[in-house]
Amino acid sequence: MGHVLAAGVSGFLGTSLVAALREAGHEVTRLVRRPDTSADELTWDPSAGQLPPGALDGVSAVINLAGAGVGDKRWSAARKQVLVTSRVAATSLLARALAATGRPEVPLINASAVGFYGDRGEETITTADPPGGSFLAGVCAAWEAATGAAKDAGHRVVHLRTGIVLDPSGGALQQLMLPLKAGVAGPIAGGRQWWPWITREDWVRAVVHLVEADVSGPVHLSAPHPRRNAEVITALARALHRPAVLPIPLFAVRLVAGEFAGELAISQRILPEQLLADGFEFTWPELEPAAEHLLSS
């Protein structure tokens with residue numbers, strides 16, 4: 001196995017990913033924005049364009065998940081700028097550094113999101129579809145474009161267009177746990193919108209798979225059986241033995257989450273076409289068994 005340089009891996013997805021990479025036999029060095037405190041860390045400053053000398057020496061793959069959380073704070077004009085620059089600065093720095101190595105065999109596995117597409121209603125989305133017109137779609141398009149230096153230098157570049165990652169320890173499900181447990185959850189904004197869900201376990205397994213796979217370009221990280229919002233909420237509530245009958249209007253979500261709430265109301269019917277074509281097998285392809293696995297304990 002190889003040596004993976006990983007950025008932006010301190011969150012609930014990244015920490016699990018690092019553990020899985022090491023379990024698979026990879027050595028992992030983490031890029032951190034604070035002073036490094038262990039042998040497996042290197043301090044970098046993407047906003048200043050600073051990467052430690054020799055950071056890419058001997059590296060067999062680069063994984064970049066760096067970027068400010070889209071749902072962590074309300075989207076003021078200043079916050080929107082942070083959401084863009086935190087992604088573009090980190091990605092472009094790594095892409096340029098990779099291109100300068102003269103080692104095109106080293107892939108760049110870079111985060112993105114299904115937010116790239118915006119609201120697509122009942123349409124089945126493919127990776128050939130253009131970006132949508134929303135703010136988050138623009139963020140994702142700029143994020144992906146920032147890998148250009150690596151792609152132009154011949155590196156295999158993968159864009160992880162991630163759906164709604166379900167795990168009670170973080171992300172959307174963590175935010176839903178309180179109303180679900182209280183029995184006051186229900187369909188959001190009508191509930192008919194398609195939600196491209198995936199368990200954290202399968203997300204991590206998919207990214208580890210893509211480190212070695214002969215796959216490039218956009219990849220959908222979502223389960224092979226997308227479901228509507230109302231079905232997702234119902235399955236999660238049922239796993240907790242709670243009702244899910246109280247509709248949650250969009251304006252109520254906006255009171256809590258601001259403009260970001262609109263992202264919960266969009267519809268994206270997405271299939272993991274690239275992963276399936278490459279032979280990847282999901283541990284949790286169906287919603288109801290996944291919800292039981294995540295919440296029954």
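Nothing in this text is a laboratory measurement; each read-out follows from the coordinates by a stated rule. None of the values given here were measured: they were computed from a predicted structure. Neighbour counts run over all protein chains shown; Cβ positions are idealised from the backbone, glycine included.
Quick notes on this one:
- Seen from L250, the other residues with C-beta closer than 15 Å to its C-beta sum to a net charge of -1, counting Lys and Arg as +1 and Asp and Glu as -1.
- For segment 152-297, radius of gyration divided by Kirkwood radius, i.e. Rg to Rh on alpha-carbons: 1.01
- Spin-label pair S169-T101: with each label point 7 Å from Cα along the Cα-Cβ axis, the two points sit 2.8 nm from one another.
- Dipole size of the chain about its Cα centre, with +1 on Lys/Arg Cβ and -1 on Asp/Glu Cβ: approximately 1000 debye, rounded to the nearest 20.
- Cα-Cα pairs of segment 215-274 separated by more than 19 Å (percent): 50 percent
- Rounded to the nearest 20 debye, dipole of segment 25-144 from Cβ charges on Lys, Arg, Asp, Glu: 500 debye
- Per-selection Kirkwood Rh - segment 1-130 (Cα, Å, 1 d.p.): 16.1 Å
- Counted charge near P272, where neighbours are those whose Cβ lies closer than 13 Å (Asp, Glu -1; Lys, Arg +1): -1
- Neighbours of L56, meaning other residues whose beta-carbon lies under 13 angstrom from its beta-carbon, give a summed charge of 0 when Lys and Arg score +1 and Asp and Glu score -1.
- Ranked by how many other Cβ atoms sit within 10 Å of their own Cβ, fewest first, the residues H220, H155 fall in the order H155, H220.
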